[in-house]
């Protein structure tokens, strides 16, 4: 099957290489000086890659997604699947889906450098089943959502509230622990708090945070002052203080 991959960076290169290794004819385009994966034919333009391809996988930056769709749309083969793997906002995905018949919004749920093409994916839109059919034989876990384009990205961004927020909090806590000479202890404490019954932890956070918001806001104010003394940036600590103050007023 002929596939076009637009964007041969970190993620695009992985998917292009995996498709080529599985026997697909893969044409790749990237105006940047990225490496060309083994087995992939690099084209000078997006049009050359897209014309005649049954699948078009777009793995560019989110900001480039509308322009890439505009470039590719006139040259898509009839019935082609156009799968946008970027992190463009749900509203952007929905709008692009309204202009391309075989559009699929594909959300990557994990780090590609760690998992490669086996990273879990969510897909939505009229082309979702098609892209799932292409990638599942490669071993990629693809969950197809019953929703319009943008549904997959909406779930990814909901997940990002937790995943990126948690990562930022852990970075701040470990930095503070290192500055205080207690890095090993805080690492162990973070791991202990995240272990066990996940749903019970969530329920405890949801109920306890609101119930004790006033006291905890003061504690986070003191924590921010302590991090100042340690010379550690306290953005997440102060954001938590403001959240607790808001909850205390509701």
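Looking at residue 141 and the list (1) modelled with pLDDT of 95 or more; (2) outside the structural domain of residue 104 (by TED's automatic domain parsing), which single condition is not satisfied?
Checking residue 141 against (1) modelled with pLDDT of 95 or more; (2) outside the structural domain of residue 104 (by TED's automatic domain parsing), the one that fails is (2).
Out of all the residues in segment 97-119, which are farther than 12 Å from residue 15 by Cβ, in contact with a helix residue (DSSP H, G or I) (Cβ under 9 Å, 6 or more places away or on another chain) and surrounded by 16 or more Cβ atoms within 10 Å (Cβ to Cβ)?
Hits for segment 97-119 are 100, 102, 103, 104, 105, 107, 109.
Could you identify the single residue in 65, 20, 11 that is touching a residue at least 40 places away in the same chain (Cβ under 8 Å) and either under 22 Å from the mean Cα position of the chain (by Cα) or in a helix (DSSP H, G or I) (or both)?
None of the others qualify; the one that does is 11.
Take the residues in segment 35-61 that are touching a helix residue (DSSP H, G or I) at 6+ places or on another chain (Cβ under 8 Å) and part of a helix (DSSP H, G or I); name whichever of them is surrounded by the fewest Cβ atoms within 10 Å (Cβ to Cβ). Explain how you work it out, then say what you get.
Our first condition is that a residue be touching a helix residue (DSSP H, G or I) at 6+ places or on another chain (Cβ under 8 Å); within segment 35-61, this holds for 35, 37-40, 43, 46-47, 50-51, 55-60.
Retained after the next criterion (residues that are part of a helix (DSSP H, G or I)): 46-47, 50.
Working: 46: 23, 47: 14, 50: 25.
Ranking the candidates gives 47 first.
Out of all the residues in segment 80-88, is one or more surrounded by fewer than 22 Cβ atoms within 10 Å (Cβ to Cβ) and out of contact with any helix residue (DSSP H, G or I) (no Cβ under 6 Å at 6 or more places or on another chain)?
No, segment 80-88 has no match at all.
Pick out the one residue from 214, 232 that is exposed (fewer than 15 other Cβ atoms within 10 Å of the Cβ), in contact with a helix residue (DSSP H, G or I) (Cβ under 8 Å, 6 or more places away or on another chain) and farther than 24 Å from residue 111 by Cα.
214
Would a scan of segment 135-145 turn up a residue that is in a helix (DSSP H, G or I) and loosely packed, with under 15 Cβ neighbours inside 10 Å? Reasoning before the result, please.
If we filter segment 135-145 for residues that are in a helix (DSSP H, G or I), which is where we start, we get 135-138.
Okay, now just the ones that are also loosely packed, with under 15 Cβ neighbours inside 10 Å, so 136-137.
Checking segment 135-145: at least one residue is in a helix (DSSP H, G or I) and loosely packed, with under 15 Cβ neighbours inside 10 Å.
Picking from 155, 95, 73, 178, which residue would you name as being outside any strand (DSSP E or B), closer than 30 Å to residue 226 by Cβ and at pLDDT 95 or above?
Just a single option satisfies the conditions, and that option is 178.
The values are calculated or read from the model by the stated rules, or taken from the named source; none is laboratory data. Here the structure is a predicted model, which means the values were calculated and not measured. As a convention, Cβ positions derive from the backbone with ideal geometry for all residues, glycine included, and neighbour counts pool all protein chains shown.
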